[in-house]
2 protein chains.
Amino acid sequence: MSRLDVVAIGNALVDVLSHESHEFLAEHGLIAGAMELIDTDRAEHLYAAMGPAVEISGGSAANTLVGITSLGGSAGFIGRVADDELGAVFGHDIRAAGVEFVSTPAVDGDPSGRCLIMVTPDAQRTMNTYLGASAKLGPADVDQDLVARAQVLYLEGYLWDEADVKDAYRLAARTAHEVGNRVAFTLSDAFCVDRHREEFLELVESDVDVLFANEAEITSLYRVDDFDDALQHVQHHCEIAALTRSELGAVIVTRDEVHVVDATRVGDVVDTTGAGDQFAAGFLYGLTHGYDLGTAAKLGALAAGEVISHLGARPASSLAALAAPLLHR
Amino acid sequence: MSRLDVVAIGNALVDVLSHESHEFLAEHGLIAGAMELIDTDRAEHLYAAMGPAVEISGGSAANTLVGITSLGGSAGFIGRVADDELGAVFGHDIRAAGVEFVSTPAVDGDPSGRCLIMVTPDAQRTMNTYLGASAKLGPADVDQDLVARAQVLYLEGYLWDEADVKDAYRLAARTAHEVGNRVAFTLSDAFCVDRHREEFLELVESDVDVLFANEAEITSLYRVDDFDDALQHVQHHCEIAALTRSELGAVIVTRDEVHVVDATRVGDVVDTTGAGDQFAAGFLYGLTHGYDLGTAAKLGALAAGEVISHLGARPASSLAALAAPLLHR
């Protein structure tokens, strides 16, 4: 079997997006910009209250993989859907984007996961995730041959919750390292870091080669107030840390190097959903195609810039075409 | 119960939209710009071949009603979904848009209908409709109280196929006329007219007060080559005919009047899906709010212009706000 650039394990979700006001968020006790896990009742209640919506396949790591294939890279996904219509939509869309995805839909248990996303007029997304079948991933779902084929294994912090998921992540990381592949991890969300700080710290120290985090996540991980303090910490805990700062751009840190790149200017920011996912896509594409860290970060900024200019968390136009001027060599 | 502007009977469908090339259409034997009815196998085959897609609630008459509520009007919908996820999406979206929809999802039989729409780079949509539960509508589904409450009953030509549907339409038309309401009908599609010409001619003569058709449909109905010939025919067969001609605008014909209105200029035509549906929305809003036929047609052109400027067949912004300058009175 051929080599792949990146294999990811993450949530298999369909996004349900609507435009809502900040008053709507307040009325329903939602924290603007945050991700909250919700149960079936809450999902039904919020969905009933939401305005007309659009369904687009999502899932953080899955979005990243679609960004990588849009740049011309190769990718495989490990995630869990149920045997229902939203599961079929998720599977269709990720395969249609050129990502290998061979999971058999689960016939028992919870329905496929979905993420109710309210986009406010400031282009910020507030996410309410009903994980459903997605959260029940275990070691048996980890296709070790697939993991071994990829230069990088990419793990999504959002999914870190049930004991079986943690076992699956550890098994996959061991598999990747045994054949000399790198392991990348995204902290995903500051609330997520808050819930799992000790385990995330241990994971970052022992298993993670490439860490993705935004400012809120990395300062939460090290319980520091200052971004620069967090940067000093992370520098000693993993090979590469790619730290994103929204409109301030990104900082890439290794033991010996620091690269600072600007955010890509966007005419009209429509929906920030997927900015972090696409930054990771561009960066991982660069890393797996022999580009230096500065160029990889620029690819990340470029991909993030594309995705915030329209509704939805996956690229709407070819990232390879957008990146061509940057990569002429 | 309060009065409504329009009640419609039509297909309850979720649109599945992807961007495809003309080569893709040729490869799969699809006729650009047409609507084709497909069975389960063909639906699965085409869906597997399509690129990443977006799901947005659709259905021609349902889209029209959402346009009417977006203009500030009131509307009710009669259509049939199954008790599945796409049915739930359809129901949520039409209710969230402010349209009354009280149908109980069917627990037996086919799944909810869907329309696979390929949007080509010329912004044209090619539609492949799997009707599913939607086509099984019968007289029992016609809520006669709801029909009686509306100034206009609007019927969708697409749904005209099974005997039960025809009975349902005739029952609804009789109900509307008995209480002095108008009956509007859209020919929907030239292939549709070709299949049902004799029945459509009879329906137009006997039951239809307001007819919507585009150039291909109205010339097909009267088997004439020339738009003007068709216009002379239709003038004697129903009270009002609203004939749309894409970028050439629209012509409104009554026994005594002819109004010609220009198409609304659009910067970038992204997806023509729903142009006819939204023309009907604007026109019916005007008709049910006391505007003259010329103004009603301008409202139609305005609503059509909005919907072709983005992906999807329902308005993305408030039509009432867009129409305000036209309606200052």
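The values are calculated or read from the model by the stated rules, or taken from the named source; none is laboratory data. The structure displayed is predicted, hence computed values, not measured ones. Cβ placement follows ideal geometry from the backbone for every residue including glycine, while neighbour counts extend to all protein chains displayed.
For segment A:217-238, what are the residues that are among the aliphatic types (A, V, I, L, M) and under 21 Å from A:Met35 (Cβ atoms)? Working first, answer last.
Within segment A:217-238, the first condition is being among the aliphatic types (A, V, I, L, M), and the residues that meet it are A:218, A:221, A:224, A:230-231, A:234.
Answer for segment A:217-238, where residues must be among the aliphatic types (A, V, I, L, M) and under 21 Å from A:Met35 (Cβ atoms): A:Ile218, A:Leu221, A:Ala230.
Inspect segment A:82-99 for any residue being more than 12 Å from chain B (Cβ to nearest Cβ) and out of contact with any strand residue (DSSP E or B) (no Cβ under 6 Å at 6 or more places or on another chain) and give the result as yes or no.
Looking through segment A:82-99, none of the residues is more than 12 Å from chain B (Cβ to nearest Cβ) and out of contact with any strand residue (DSSP E or B) (no Cβ under 6 Å at 6 or more places or on another chain).
Within segment A:218-228, identify whether any single residue is within 30 Å of A:Ala316 (Cβ to Cβ) and aromatic (Phe, Trp, Tyr), and answer yes or no.
Kept after step one, since they are within 30 Å of A:Ala316 (Cβ to Cβ), are these residues of segment A:218-228: A:218.
Restricting the remaining residues to those that are aromatic (Phe, Trp, Tyr) gives none.
No: zero hits.
For B:Ala173, indicate whether it is aliphatic (A, V, I, L, M), within 27 Å of B:Gly73 (Cβ to Cβ) and within 14 Å of chain A (Cβ to nearest Cβ).
On the way: aliphatic (A, V, I, L, M): yes; within 27 Å of B:Gly73 (Cβ to Cβ): yes; within 14 Å of chain A (Cβ to nearest Cβ): no.
Spelling it out, it is not the case that B:Ala173 is aliphatic (A, V, I, L, M), within 27 Å of B:Gly73 (Cβ to Cβ) and within 14 Å of chain A (Cβ to nearest Cβ).
Give the residues of segment B:151-177 that are aromatic (Phe, Trp, Tyr) and out of contact with any Lys or Arg (no Cβ under 8 Å at 6 or more places or on another chain), sorted by residue number. Break it down stepwise before answering.
Looking only at segment B:151-177, we keep the residues that are aromatic (Phe, Trp, Tyr), and these are B:154, B:158, B:160, B:169.
Of everything in segment B:151-177, those that are aromatic (Phe, Trp, Tyr) and out of contact with any Lys or Arg (no Cβ under 8 Å at 6 or more places or on another chain) turn out to be B:Tyr154, B:Tyr158, B:Tyr169.
Which of the residues that make up segment A:84-125 are at pLDDT 95 or above, of a type outside the set (A, V, I, L, M, F, W, C) and outside any loop (DSSP other than H, G, I, E, B)?
A:Gly87, A:Gly91, A:His92, A:Asp93, A:Arg95, A:Glu100, A:Gly113, A:Arg114
In segment A:150-170, what residues are surrounded by fewer than 17 Cβ atoms within 10 Å (Cβ to Cβ) and modelled with pLDDT of 95 or more? Even if it seems obvious, please write down each step before you answer.
Start the filter on segment A:150-170 by keeping residues that are surrounded by fewer than 17 Cβ atoms within 10 Å (Cβ to Cβ), which leaves A:161-164, A:167, A:170.
Answer for segment A:150-170, where residues must be surrounded by fewer than 17 Cβ atoms within 10 Å (Cβ to Cβ) and modelled with pLDDT of 95 or more: A:Ala163, A:Asp164, A:Asp167, A:Arg170.
Test each condition in (1) β-branched (Val, Ile, Thr); (2) assigned to a helix (DSSP H, G or I); (3) in contact (Cβ under 8 Å) with a residue 60 or more places away in the chain for A:Thr219 and report the one that comes out false.
Against the list (1) β-branched (Val, Ile, Thr); (2) assigned to a helix (DSSP H, G or I); (3) in contact (Cβ under 8 Å) with a residue 60 or more places away in the chain, A:Thr219 comes up short only on (3).
State yes or no: is A:Thr175 part of a helix (DSSP H, G or I) and either of a type in the set (S, T, N, Q) or modelled with pLDDT under 95 (or both)? Quick ask: steps written out before the conclusion?
Numbers: part of a helix (DSSP H, G or I): yes; either of a type in the set (S, T, N, Q) or modelled with pLDDT under 95 (or both): yes.
Yes: the conditions hold for A:Thr175.
Which of the residues spanning segment A:191-215 are more than 22 Å from A:Leu287 (Cβ to Cβ), touching a helix residue (DSSP H, G or I) at 6+ places or on another chain (Cβ under 7 Å) and in contact (Cβ under 8 Å) with a residue 40 or more places away in the chain?
From segment A:191-215, those more than 22 Å from A:Leu287 (Cβ to Cβ) are A:191-199, A:201-202; that's our starting set.
Applying the additional criterion that residues be touching a helix residue (DSSP H, G or I) at 6+ places or on another chain (Cβ under 7 Å) yields A:192-194, A:197, A:201.
Across segment A:191-215, the qualifying residue is only A:Cys192.
Restricting to segment B:259-273, give me the number of residues that are touching a residue at least 24 places away in the same chain (Cβ under 8 Å) and either under 12 Å from B:Ala301 (Cα atoms) or touching a Leu at 6+ places or on another chain (Cβ under 8 Å) (or both). Even if it seems obvious, please write down each step before you answer.
Applying the first criterion (touching a residue at least 24 places away in the same chain (Cβ under 8 Å)) to segment B:259-273 yields B:259, B:261-273.
Now narrow it down to the ones that are either under 12 Å from B:Ala301 (Cα atoms) or touching a Leu at 6+ places or on another chain (Cβ under 8 Å) (or both): B:259, B:261-266, B:270-271, B:273.
So the answer is 10.
Can you tell which of A:Gly132, A:Gly109, A:Gly138 is within 14 Å of chain B (Cβ to nearest Cβ) and either in contact (Cβ under 8 Å) with a residue 24 or more places away in the chain or among the aliphatic types (A, V, I, L, M) (or both)?
Details: A:Gly109 fails: within 14 Å of chain B (Cβ to nearest Cβ); A:Gly138 fails: within 14 Å of chain B (Cβ to nearest Cβ).
None of the other options fit; the residue is A:Gly132.
For segment B:216-258, give me each residue that is surrounded by fewer than 18 Cβ atoms within 10 Å (Cβ to Cβ) and either among the basic types (Lys, Arg) or within 18 Å of B:Ala280 (Cβ to Cβ) (or both).
B:Arg223, B:Glu239, B:Arg245, B:Ser246, B:Glu247, B:Leu248, B:Thr254, B:Arg255, listed by residue number.
Filter segment B:148-164 down to residues that are part of a helix (DSSP H, G or I) and under 16 Å from the mean Cα position of the chain (by Cα) and give me whichever is nearest to B:Val204 (Cα to Cα).
B:Gly157
Looking at segment A:178-203, which of the residues that are charged (D, E, K, R) and part of a helix (DSSP H, G or I) is farthest from the chain's Cα centre (by Cα)?
Just the residues of segment A:178-203 that are charged (D, E, K, R), to begin with: A:178, A:182, A:189, A:194-195, A:197-199, A:202.
Next, from what is left, pick out any that are part of a helix (DSSP H, G or I): A:178, A:194-195, A:197-199, A:202.
Details: A:Glu178: 24, A:Asp194: 18, A:Arg195: 18, A:Arg197: 18, A:Glu198: 21, A:Glu199: 19, A:Glu202: 20 Å.
Only one residue fits best here, namely A:Glu178.
Which ranges mark the strands (runs of 3 or more DSSP E) fully within segment B:12-58 that have 3 or more residues being within 13 Å of chain A (Cβ to nearest Cβ) and of a type in the set (A, V, I, L, M, F, W, C)?
On the way: elements: B:13-19, B:35-37, B:54-57.
Those strands (runs of 3 or more DSSP E) span B:13-19.
Return the residues of segment B:126-147 that are closer than 30 Å to B:Ser18 by Cα and assigned to a helix (DSSP H, G or I); say none if nothing qualifies. Step through it out loud before you land on a result.
Step one: of segment B:126-147, the residues closer than 30 Å to B:Ser18 by Cα are B:126-137.
Matches in segment B:126-147: B:Gly132, B:Ala133, B:Ser134, B:Ala135, B:Lys136.
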